[in-house]
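Only one structure is covered here, and it is reproduced in the block below.
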Amino acid sequence: MLSQPDTWIEMAEVNPPALPDSRHLMLDHIWQRVLITDNTFGKIRVSPYAFGARITHDVPSVTPTVVASTRDRNILAIESEVRGALGNGVKSFLVVVGDTRPQVEHMSHHYEIIEHLRALQTHLPEFEAGMTTRFRDWQYRRRVDAGAQFFVTGPIMDPATVAPSMEKLKRDPADPPVYVMVIPPFSLKWVERMETIGTVPVGDDFRARLASGIAREEAWELSLEVAEAARDAGFGGVVLTGLKFDTVVDEAAAVWHPAGR
């Protein structure tokens with residue numbers, strides 16, 4: 001469980017397919033844990049709850065955490081999805097606000113959702129509920145008080161920004177574990193694009209290093225450096241994010257495969 005880790009945890013973010021297929025089978029013995037996104041950037045895909053259920057049935061070597069976006073669902077809709085996922089063996093959920101779309105005229109309150117899920121734990125099969133957070137101590141503390149059992153934050157690309165980012169949370173040792181998202185810095189253009197959507201800004205030295213060009217292999221090595229810095233800073237683990245599914249099960253697996261490190 002992400003809420004009570006007994007070891008350092010590495011997981012990969014994966015997007016469900018646009019239509020049902022068998023791609024989830026490719027995760028078998030590649031990643032032990034995956035974070036399943038919920039219609040990111042408004043692109044309609046297979047339900048993450050259904051995709052998580054397929055993984056629990058077909059790929060028992062993989063444990064999914066399903067993102068529950070409050071962007072365009074009310075409490076009843078989210079509870080219904082959670083109940084269905086629980087019945088299929090999914091036991092981990094991450095509550096996020098989700099990217100907004102102009103045509104969505106209502107949004108569920110994510111604090112209300114986490115409180116509701118925590119209340120459901122008293123009479124439903126065992127499960128955990130976490131939240132995303134930014135590196136702002138007031139926001140983080142409010143979400144701790146709301147009852148979130150684990151946190152996902154970031155993303156981070158520059159290893160030098162890991163420790164300072166953790167310090168901003170003013171985390172108490174008794175607080176729930178925090179996991180940081182990691183994105184390989186494949187190019188300066190890619191880094192600048194990621195910064196526009198909320199990635200922790202890279203330092204001047206890092207930016208200058210990328211300006212002269214960077215090999216893909218070096219970008220992967222830098223992502224591993226972020227992971228090592230995260231372990232040293234007290235994070236519970238990392239989430240490799242921002243990648244296509246094929247990259248997650250092929251190139252990323254060759255670099256990050258938990259069994260090989």
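Based on alpha-carbon atoms, the Kirkwood radius and the radius of gyration of region 124-193 give Rg/Rh equal to 1.05. Model label sites at THR56 and ARG231, defined 7 Å from Cα along the beta-carbon direction, differ in position by 3.0 nm.
As a size descriptor, the averaged projected area of the C-alpha convex hull of the chain was calculated at 13.6 nm². Here the relative contact order of the chain, from alpha carbon pairs under 8 Å that lie six or more residues apart, stands at 21 percent. Overall size of region 1-140 from C-alpha positions, given as principal axis extents largest first: 39, 35, 32 Å.
Taken about its Cα centre, the chain carries a charge dipole of roughly 500 debye when the Cβ of each Lys and Arg holds +1 and the Cβ of each Asp and Glu holds -1. On a straight-distance basis, which aspartates and glutamates could pair with LYS189 in a cross-link, Cα separation under 13 angstrom, same-chain partners fewer than 8 positions away excluded? Cα-Cα hits under 13 Å: none found. The C-alpha radius of gyration of region 13-77, expressed as a fraction of 2.2 N^0.38 Å, stands at 1.10. Note on LYS91: no lysines have a C-alpha under 22 Å away, same-chain residues under 8 apart excluded. Reducing region 145-170 and region 187-261 to their Cα centroids gives an inter-centroid distance of 15 Å.
Considering only MET1, ILE30, ALA148, the residue lying farthest towards the positive end of the dipole of the chain is ALA148, judged by Cα position with unit charges set on Cβ. Shape class for region 112-156, computed from the alpha carbon gyration tensor (a ≥ b ≥ c): prolate, with a/c not under 1.5 and a/b above b/c.
Computed from the coordinates by the stated procedures, all read-outs in this text should not be read as laboratory data. If you're wondering where the values come from, they're calculated on a predicted model, not measured in any experiment. Here the Cβ is made from the backbone with ideal geometry for all residues, glycine too, and neighbour counts use every protein chain on show.
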